[in-house]
1. Put +1 on the Cβ of each Lys and Arg and -1 on the Cβ of each Asp and Glu in the chain; which of CYS189, VAL230, GLN123 then has its Cα farthest toward the positive end of the dipole?
2. Taking the dipole about the Cα centre of the chain, with the C-beta of Lys and Arg at +1 and of Asp and Glu at -1, give me whichever of ALA377, LEU428, ASN364 is farthest to the positive side.
3. Run the 1.4 Å probe and let me know the accessible area of LYS252, rounded to the nearest 10 Å².
4. Largest first, how would ASP142, ASP236, ASP151 line up by accessible area (1.4 Å probe)?
5. First check a/c for segment 93-159, with a ≥ b ≥ c the square roots of the eigenvalues of its C-alpha gyration tensor; if it is under 1.5, answer rounded, and if not, answer prolate when a/b is larger than b/c or oblate otherwise.
6. Hey, what number do you get for the chain at 222 nm if only DSSP H runs of n ≥ 4 count, each worth -39500 (n - 2.57), divided across all residues, to the nearest 500?
7. Mean separation of Cα pairs under 8 Å and 6+ residues apart, divided by the residue count of the chain: what relative contact order is that in percent?
8. GLN127 label point, 7 Å along Cα→Cβ, cut-off 17 Å on backbone N: hits in segment 79-104?
Amino acid sequence: MSNLFRGDVSRRQLLASAGFGIVAATASTNLSDTASAQESEALAQPIPRGGELPPQIQLPPIQAPTEQETGGPPTALPRERRLGFAIVGLGRLSLEEIMPAFGECKLAKPVALVSGDRAKAEQVAQQYSIPPQNIYNYQNYDNLRNNPEVDVIYIVLPNSMHAEYTVRGARAGKHILCEKPMANTVEECQQMIDACKQANRKLAIAYRCQYEPHHRAIIQMVRSQELGTVKLIQADNGQNQGGDLNQWRLKKSLAGGGSLPDVGIYCLNATRYLTGEEPIAISANLFSTPKDPRFREVEENVTFQLQYPSGVLAICSTSYGYHRASRFRVFGSDAWVQLDPAFTYNGLQMAIGRKSSSNSMAENITQVRMPEKNQFALEMDHMADCVIHNRIPHTPGEEGLQDQKLMALIYQAAQTRQTISLPPVSKLDITRGPTPRTLK
């Protein structure tokens, strides 16, 4: 791709011929515009479970009017009416985050496991009351089609395996929730979308931050111009990668890249969902420490800049070599807002800075406290809600595909040391479905 923008052919033509879709042309519609039509179509096989949540139990107040209310107890579907999830891959993320998160779900439950390690799967199944007959391996994975308990497959595998197991899962008649990044290539992402459409199954990418309350609140602040006119977004996400040098994250064939698709994608995706826009210019730099054995195949550091049609400039960094950092700050003409940490599984901290109303020389920095919600439970319940009520997921396959296209262009910009220009997209949230419902 090093010659992508050489010669007399226009950038628009080259991008289109390279299969970069949305980033290469102005789209005339977005997913939200077509939601009502798609939601009206009945699924081929109606789900026998689901339904509306029961009324919230009301408790008498115990706090004085000066104190903040707790919000009341959560509601949930009875277990037998919750949608069943099969978890594919029992690595660290599944065992430390996803499986425990089902305890906070209101619509979803784990009913099956897929693993190459039978002994480990049996131990996990026992902990979560999953019957032994609902344990599968990668060879008999397609037999999930014969299990009516499984409604949704959640794919938590190395990136290079996402496409295959999404396609096979959709052909088995199951809806798919897939971890990010969606896949290793644009072509694989498109295969996943096509397979789910052909099978009339839903596909969502697990962008958990887009369901998290702090992120949702800042999206609203940006869109309502509470910060004034947004001028700049700074985002950083990195970690000092250790462990076995043979781990899949350090193998390009399995991971697709290094820090960019693993943790840098959070910065990229955040600048897109905060603004709702798609970039019109991309520049980037890539650097790996010489002779560091971790980076024989994948990159260590990437910095990239994105310019958006409204004039917002995003400056992002990601690394596999610096001490963990996870943050972003949105700078507006009237105020700024930040999350630090921003992309971690819990412990998010939000602050707003603006001019003090009492002292013109002082900065008023407000720490915003919000109830913490389990991000994995939120995304799994959203997926279950979309299946139950036949809604388009907020982060469908198109959202993951767009990030993959943009990451390919970030690599291209770094390799060529040229700024890549893109035509503007006229619609906001072009690759997203309707705003996720809040479940009480």
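The values are calculated or read from the model by the stated rules, or taken from the named source; none is laboratory data. What you see is a predicted model; the values in this text were computed from it and never measured. Neighbour counts are summed over all protein chains in view; Cβ atoms, including those assigned to glycine, are modelled from backbone coordinates with ideal geometry. For the accessible areas, the whole protein counts, side chains as well, though only heavy atoms, and no ligand, DNA or RNA atoms are used. Shrake-Rupley method; radii C 1.70, N 1.55, O 1.52, S 1.80 Å.
1. Checking the options against the dipole of the chain, the answer is CYS189.
2. Working it through, the farthest residue towards the positive pole turns out to be LEU428.
3. Using a 1.4 Å probe on the heavy atoms, I get roughly 120 Å².
4. The residues order as ASP142, ASP236, ASP151, largest area first.
5. Verdict is rounded for segment 93-159.
6. The helix-only estimate for the chain comes to -7500 deg cm²/dmol at 222 nm.
7. Value for the chain: 21 percent.
8. 86-104
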